[in-house]
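Read the structure below first, then the notes.
The values are calculated or read from the model by the stated rules, or taken from the named source; none is laboratory data. Predicted, not measured: the structure shown is a model, and the values here were computed from it. Using ideal geometry, Cβ is built from the backbone for each residue, glycine included, and neighbour counts are taken over all protein chains shown. Please note that ligands, DNA and RNA were not included when accessible areas were found on the heavy atoms of the full protein model with its side chains. Shrake-Rupley method; radii C 1.70, N 1.55, O 1.52, S 1.80 Å.
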Amino acid sequence: MHPDSDESGDGPRDALAFLSQSENRVGVLAALSDGAARDRYDLESAVDASRRTVLRVVNELSDRGYLRETDDGYRLTALGAHVHDQYAAAVDGLDAVAPVASFLAAVPAGVVDFDLARLADAEVTAATPGGSYAPLDRTLELRRGASRIRELAPGVERRSVEQIADRVEAGEEVEIEIVLTPASLETAESEDQYAAAHEAVAAADRVALYLTPEPFELPVSVMDETVTLFSGGTDGRPEAVLETDDPVVREWAESYIDRYVGLAERIDG
């Protein structure tokens, strides 16, 4: 037997396609998913479909071994219950990340190892034609009052550098770790608009600067309890920033930053 086939001749890929092509098929399975028997009239009401449609769907599901007719009405088989549960789980998983789908489309596969459903309640601030600085503005807002900042910084932006410089020069109680790429370090040290602020940051006791030998797959920061992930952008301006306070995501982010800190060279002081 082909590895993608089962005894009904219905392989897993075909099963998903079969259900996704008809809301009524899914509806009938869902109506029977509690294990109780339902007659034709109950199913017509549950899926809000005609008698003819329900009978056709019932026959299709029966032919695949998903349900059977009993003296009390129609009931799911073990196979039907399993197929329903797996299909529902797949749909729920996709629904969970729908609000952040456009952001995740810009994230390379394999970078994160937590369940993406953890991002279901995350907020995304994206650049728009009339608001290209919106992601950066939101990042600066989150970072303004944070007492602990860890950041993988693939780029340099004037307001970002100045914000950190102002905080450390004012003697604020803040601990900062920043991992820079060679390109961002060169810009920070050589460009007049950054150099003075960068020098103040590098000299501050509360700041640890690192230089990474390899580029970041995904720019990340942790600001107290908040994690931010960045996508796209140039010159220190991301195209989008995702923020979440999920503890599992934060644990991943801390470990991800630790990886680059471990590879990097300390360059401040």
- [ ] Under 8 Å between Cβ atoms, at least 6 apart or on separate chains: pull out the pairs that start in the range 186-213 with a residue that is closer than 10 Å to residue 165 by Cα and end on any residue that is open to solvent by 80 Å² or more (accessible area, probe 1.4 Å) and of a type in the set (Asp, Glu).
- [x] 198/189; 200/169; 204/169
Task: Residues that are open to solvent by less than 60 Å² (accessible area, probe 1.4 Å), modelled with pLDDT of 90 or more and more than 16 Å from the chain's Cα centre (by Cα), drawn from the range 223-237 - done: 223, 224
Task: Condition check for residue 242: under 18 Å from the mean Cα position of the chain (by Cα), open to solvent by less than 10 Å² (accessible area, probe 1.4 Å) and in contact (Cβ under 8 Å) with a residue 40 or more places away in the chain - done: yes
- [ ] Search the range 168-222 for residues being open to solvent by 20 Å² or more (accessible area, probe 1.4 Å), in a strand (DSSP E or B) and not aromatic (Phe, Trp, Tyr), and hand back the single one that is nearest to residue 103 (Cα to Cα).
- [x] 177
Open item on the list: Suppose we keep only residues that are surrounded by 15 or more Cβ atoms within 10 Å (Cβ to Cβ) and in contact with a Leu (Cβ under 9 Å, 6 or more places away or on another chain) within the range 100-122. Which one would you say is nearest to residue 259 (Cα to Cα)?
Closed with: 112
Task: Among the candidates 98, 89, 127, 120, residue that is in contact with a Lys or Arg (Cβ under 8 Å, 6 or more places away or on another chain), among the aliphatic types (A, V, I, L, M) and modelled with pLDDT under 95 - done: 127
Open item on the list: Return the residues of the range 24-47 that are surrounded by fewer than 16 Cβ atoms within 10 Å (Cβ to Cβ) and free of Cβ contacts under 8 Å to residues at least 12 places away in the same chain; say none if nothing qualifies.
Closed with: 34, 41, 45
Open item on the list: For the range 11-27, which positions are over 12 Å from residue 83 (Cβ atoms) and either touching a Leu at 6+ places or on another chain (Cβ under 9 Å) or assigned to a loop (DSSP other than H, G, I, E, B) (or both)?
Closed with: 21, 22, 27
Task: Pair list, Cβ under 6 Å, 6 or more apart: the range 137-150 residue in contact (Cβ under 8 Å) with a residue 40 or more places away in the chain, other residue surrounded by fewer than 14 Cβ atoms within 10 Å (Cβ to Cβ) and not in a loop (DSSP other than H, G, I, E, B) - done: 148/175
- [ ] Tell me which residues, restricted to the range 77-88, are open to solvent by 30 Å² or more (accessible area, probe 1.4 Å) and over 14 Å from residue 20 (Cβ atoms).
- [x] 77, 78, 79, 81, 82, 85
Task: Selection count where residues are β-branched (Val, Ile, Thr) and either more than 27 Å from residue 95 (Cα to Cα) or part of a helix (DSSP H, G or I) (or both), scope the range 119-141 - done: 1
- [ ] Sort out which residues of the range 38-67 are under 21 Å from residue 78 (Cα atoms) and either in a loop (DSSP other than H, G, I, E, B) or aromatic (Phe, Trp, Tyr) (or both), and write them in order of number.
- [x] 39, 64, 65, 66
